[in-house]
Amino acid sequence: MAQDLAAHWPVYLLIPFVAALIGYLTKRVAIEMMFRPLEFVGIPPWLGWQGVVPKHGGRMAAIATELLTSNLLDLKEIFARIEAARLTAEIEQPLLRAIDDITRDVLAEYQPRLWEALPAMAQELVVKQVQAAAPRFVQDLVTDLRENLDEVLDVKHMAVQRLTRDKALLVRLIRETTRPEMAFIARCGSYFGFGLGLVQAVVWALTKNPWVLPVFGGCIGLFTDWLAIKLIFLPREPVRVLGLTLQGKFQRRRREVAREYGEVIAREVLTTRNLLDAILRGPRADQMVAMVRRVVSRAVDEQAGRLVSLTVGALRLRELKTAAADRAVALLPDTVRHAEGYLTGAMDVAHVVERRMLALSPRQYENLLRPAFRQEEWKLIAVGGVIGFLVGELQVLLMLH
């Protein structure tokens, strides 16, 4: 054995480094297989592959959304931060233009004779009087929205749709918040692979069995994949061993992950635009339209003496109110768009999510990422074993030639 070591020392020196490379490569492949490709590539349904995250996006989005809405986010608390007076100030000019358009168009349609008979100055006065009631209109709408938020906004439906419709977004959400964990997995593969490679070199020197290298390669791929994933999450709580403090890397990075996760949710999912779209076009949009109609109806009633003739019938008045409300709903997205900066800052979704994440139990917090691995973890580990075995076979061929 000593003579063989002396004669072939470069080969034996190379074995642990090749084992480290096997460990690293199998981890990188496993990581990429989690996220790529976004769509199935191959011959469906079995011969091919789709990234674990995009493949199970619906289930993972549902889990993440359930955690988000149950533990991380209280939308009523967030909407309570919106000040009606400040919102009115932010959208003052587009709101006044919208009221001007609605007033002129609706009166011209439903009271054409009265409206056309008014001098231009009188028409302007009517519009100004309606515009003067704008702050009250906004206050009523914000108050009704706060009190009936659950009736007009299905945030779970919105978030799940957003994450499943845009698979790249779901991948980005998980990938951006777990980059250090992914790098850790790859490094662990190198370290564990090198250690096992030393054992591999000794066994090869003793046996010269051609199965040693591929079997060890397969074991290195399997074991290092399994161990690296476990070390991300376990132990959940800090444990002292031989003077060292051990804790799963994902658990140790809770503060950093909470900040990054909150920022992605605020930037990509629970944006002002997405929330407004969900309110106006989501499954409960009819409730929002009904709410706007109630507010507009009250506003019309307050201004009825100025806006309509005393002879207008009840049916015609209802039609006028409905038309005004429909126009208000149609103009709402463009009007509110001017206040996106204020609303984003006021709701402060990122910091709310961050604060709530820090209060989660270790197991609840783990569920942010764990489903991404658990769904098809065994396949990722198996692929690592297969790659390790094949590289081991290559080693044998190189050594024998």
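Observations, loosely collected:
- Residue within the range 311-327 that is at pLDDT below 70, surrounded by fewer than 17 Cβ atoms within 10 Å (Cβ to Cβ), in contact with a helix residue (DSSP H, G or I) (Cβ under 9 Å, 6 or more places away or on another chain) and not in a helix (DSSP H, G or I) present: yes
- The range 34-68, residues that are open to solvent by less than 30 Å² (accessible area, probe 1.4 Å) and in a helix (DSSP H, G or I): MET34, PHE35, VAL52, VAL53, PRO54, GLY57, MET60, ALA61, ALA64, THR65, LEU67, LEU68
- Tabulated pairs, the range 133-144, first within 13 Å of ILE82 (Cα to Cα), second surrounded by fewer than 18 Cβ atoms within 10 Å (Cβ to Cβ) and of a type in the set (Asp, Glu), C-beta under 9 angstrom, 6+ apart or interchain: VAL142/GLU83
- Matching option when the condition is farther than 23 Å from THR65 by Cβ and either among the polar types (S, T, N, Q) or surrounded by 16 or more Cβ atoms within 10 Å (Cβ to Cβ) (or both), among VAL239, VAL257, VAL215: VAL215
- Checking ALA304 against (1) modelled with pLDDT of 80 or more; (2) of a type outside the set (Lys, Arg); (3) surrounded by fewer than 16 Cβ atoms within 10 Å (Cβ to Cβ), the condition it does not meet: (1)
- Among the numbered conditions (1) surrounded by 22 or more Cβ atoms within 10 Å (Cβ to Cβ); (2) at pLDDT 75 or above, the only one that GLY221 does not meet is (2).
- Checked against the criterion of being over 23 Å from VAL329 (Cβ atoms) and open to solvent by less than 50 Å² (accessible area, probe 1.4 Å), the range 80-87 contains not a single residue that satisfies it.
- Pairs are defined by a Cβ separation below 6 Å, a sequence spacing of at least 6 or placement on different chains, a first member in the range 343-356 that is farther than 7 Å from GLY262 by Cβ, and a second member that is among the hydroxyl-bearing types (Ser, Thr, Tyr) and open to solvent by 10 Å² or more (accessible area, probe 1.4 Å); the pairs so defined are LEU343/THR272; THR344/THR272.
- Test: residue in the range 14-30 that is crowded, with 21+ Cβ neighbours inside 10 Å and touching a Leu at 6+ places or on another chain (Cβ under 7 Å): yes
- Residues that are closer than 25 Å to MET60 by Cβ, over 11 Å from the mean Cα position of the chain (by Cα) and either open to solvent by 30 Å² or more (accessible area, probe 1.4 Å) or β-branched (Val, Ile, Thr) (or both), drawn from the range 151-169: ASP154, VAL155, LYS156, HIS157, ARG165
- When ARG172 is tested against (1) open to solvent by 30 Å² or more (accessible area, probe 1.4 Å); (2) over 24 Å from LEU360 (Cβ atoms), just one condition goes unmet, and that condition is (2).
- Contacts under 8 angstrom Cβ, first residue in the range 29-40 being within 15 Å of TRP226 (Cα to Cα), partner in a helix (DSSP H, G or I) and open to solvent by 70 Å² or more (accessible area, probe 1.4 Å), 6 or more apart: none
The values are calculated or read from the model by the stated rules, or taken from the named source; none is laboratory data. Since this is a predicted model, take the numbers as computed values, not measurements. Quick reminder, even Gly has a Cβ in these numbers, built from the backbone with ideal geometry, and neighbours come from all protein chains shown. Heavy atoms of the whole protein, side chains included, go into the accessibility calculation; ligands, DNA and RNA do not. Shrake-Rupley method; radii C 1.70, N 1.55, O 1.52, S 1.80 Å.
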